[in-house]
1. Please work out how much length the chain gains when fully extended from residue A:273 to residue A:73, using 0.36 nm per residue of separation minus the C-alpha to C-alpha distance, in nm with one decimal.
2. Taking only the alpha-carbon atoms of chain A, what semi-axes of the equivalent ellipsoid follow from 5 times the gyration tensor eigenvalues under a square root, in whole Å, largest first?
3. Please give the per residue accessible area of the protein assembly as shown, computed with a probe of 1.4 Å over protein heavy atoms only, in Å².
4. Cβ under 14 Å from residue A:117's Cβ, residue A:117 left aside: what net charge do those residues give with Lys, Arg +1 and Asp, Glu -1?
5. For A:12, A:300, give the ranking by accessible area with the largest first, probe 1.4 Å.
6. Averaged across B:223-233, how many Cβ atoms of other chains sit within 10 Å of each residue's Cβ atom?
7. Using only protein heavy atoms and a 1.4 Å probe, report how much of residue B:219 is accessible, in Å² to the nearest 10.
8. Treating only the Cβ atoms of Lys and Arg (+1) and Asp and Glu (-1) as charged, compute the dipole magnitude of region B:32-160 about its Cα centre; round to the nearest 20 debye.
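The values are calculated or read from the model by the stated rules, or taken from the named source; none is laboratory data. Bear in mind the structure is a predicted one, so any value in this text is a computation, not a measurement. Glycine also receives a Cβ, built like all others from the backbone with ideal geometry; neighbour counts cover every protein chain displayed. Quick note on the areas: whole protein, heavy atoms, side chains included, nothing else; ligands and nucleic acids left out. Shrake-Rupley method; radii C 1.70, N 1.55, O 1.52, S 1.80 Å.
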2 protein chains.
Amino acid sequence: MKIAVDAMGGDHAPEVVVKGVQAARDQWPDLEFMLFGDLAKVKPLITDETRIELIQSDSVILNEDEPVKAVRQKKDSSMVMAAQAVKNGEAEALFSLGNTGALLATGIFVIGRIKGIERPALMPTLPTVNPGHVVNLLDAGANAESKASYLEQWAIMGTIYARDIRNITNPRVALLNNGTEFDKGDPLHKEVYQRLEANEAINFVGNIEANSLLLDQADVIVSDGFTGNAVLKATEGMSSLLLKQIKQALLNNGLGVKLGAAMIKPALGDIKNRFSTSGNGGAVLLGVKAPVIKTHGGSHEDAIISTIGQIREMLAKKTIHQVIDYLKENPIK
Amino acid sequence: MKIAVDAMGGDHAPEVVVKGVQAARDQWPDLEFMLFGDLAKVKPLITDETRIELIQSDSVILNEDEPVKAVRQKKDSSMVMAAQAVKNGEAEALFSLGNTGALLATGIFVIGRIKGIERPALMPTLPTVNPGHVVNLLDAGANAESKASYLEQWAIMGTIYARDIRNITNPRVALLNNGTEFDKGDPLHKEVYQRLEANEAINFVGNIEANSLLLDQADVIVSDGFTGNAVLKATEGMSSLLLKQIKQALLNNGLGVKLGAAMIKPALGDIKNRFSTSGNGGAVLLGVKAPVIKTHGGSHEDAIISTIGQIREMLAKKTIHQVIDYLKENPIK
């Protein structure tokens, strides 16, 4: 199993990427890597080249670059070259910590859509109120506009992923909507409800509202891309805001509170880790012909290793092939 | 200034409603009230009938009632009768803690839309990262489907409200979108961006993403009703989940943590109060011919008093008349 890695993406690139790749290589003897980057910077960071192929790339797609334009113009970038290696069959999956929009565009334009998937979707894995239980949300923002057929296709992909990678026999699928009753929402969401209920391959548990996103009421939540994006950002924003406010309050409230804060630090740290954005693997661009996975730009080594483990699972379980095979037999229009 | 109050809505009705109304009456000598409810229950709670007229209503719209149906069928309910009093000119504003959907339907069908407002919007006032600064979000869920002209009308109403009631000279208006650049979003949001930028009565500061909702980057945030609803619920859901998890962690982590928790309690309590849903007044149904305000069903006396104060401000400043006058001169199609 060979993974093409964009070594130049992310806040701490290439250092943390190279470190994470080497650690993952040591952990999983069945993994090989192609590492794309500025070799003048990357090579000195490599302590052992075993199962790591180094390929020079001359440019980098930055976070502030306009995604589609950057992918078209920076063909010599680490991200586009890594995608090209997947397209050419030299590698089987693409991993980057870089510009999310550009990675989506690279996945779609360079690697290409699965036949029968009209639009790929971005799918993060989120923590829930129950430790050890997570939830997949898709689409979390690959699409500003969504049609009912897209959401039905996403529900199938989410089901296959949760079954194979998370080992859930019959994953519960819910639809993110503005109420729980069956007739809630605009015409799009009403139609999606009917489709999910009618599709026997989907264990549809009904509508879910955004305040129940992380309450472990579903294993997979499908959403139009615009709302999914907004809800994910609102959740992350509120979490980050509250934790910062609490930290500030604990620092600015006199000695007694400071002392108390020191005593509760381990308990709070645990919550912070669980609800941090990087703790649960990367976001998968589901619907393209190979695993394309993005992890948070600020990720540290641990998050990189766990995301590579996630890619390895997807390759070992042939998740993408299962989607391809399913849609060949059961096209969704 | 006379306010029609639905005494039977909310989790602690009619006790807490009657208490709040009496306290508000004592606080503001220029306020009068019409109190609609089951007088067998309401009357014993009244200690002083000064400026409070009691009117018997024979039914109650429950939280689990289907809103539009309930409003049509329960014409003798406290909520619909209170709305009818506003329509007849006996009272100038409607206040309820009951079923939000039913209150929206009552406002629209009984009291009626302002000429030039195609669809009324629900507008809560939310806390921000800066104590004392708040933000108005509209539409937070009165509409499952939105058109560009609605959002422009909402931006005008939000501007007038923030100027008159919050005393902000030139309120910053942002559009909730899936990116900050001007060309982000689906066709609806792109068109709204152009409209808000072109309208000289609106101090448009551009797009805002959901993770910046509470960062005090705008005074008024306009959103399509579907996304606004989802983002509000996601924010509330995450806040409630995190605070509960923290409370649990502090209780279940041994004596040291428990002791620390006791020491930090005042600091945490302050944050909890600031980010609670009921601390910043009620949600206004803006776009109907009178102030229609809903506050959280679980509200206590303080929240009821402050919401009545908010209604009083809207009546004193003639906020609704200003909207009517503005749209007469400057229709938005």
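1. Numbers: separation 200, 0.36 × 200 = 72.00 nm, distance 3.80 nm.
Roughly 68.2 nm would be gained on extension.
2. Numbers: eigenvalues 188, 167, 62 Å².
Over the Cα atoms of chain A, the ellipsoid semi-axes are 31, 29, 18 Å.
3. Values: 27190 Å² over 666 residues.
With the other protein chains kept in place, the protein assembly as shown gives 41 Å² per residue.
4. Numbers: positive: A:113, A:115, A:119, A:147, A:289, A:328, A:333; negative: A:118, A:139, A:152, A:325.
My count for the surroundings of residue A:117 gives +3.
5. Values: A:12 75, A:300 120 Å².
Correct descending sequence by accessible area is A:300, A:12.
6. Numbers: counts 1, 4, 2, 10, 9, 2, 6, 15, 9, 3, 9.
Taking all residues of B:223-233 together, the mean is 6.
7. So the heavy atoms of residue B:219 present about 10 Å² to solvent.
8. Working: 12 positive and 16 negative charges, 60 e Å.
It comes to approximately 300 debye.
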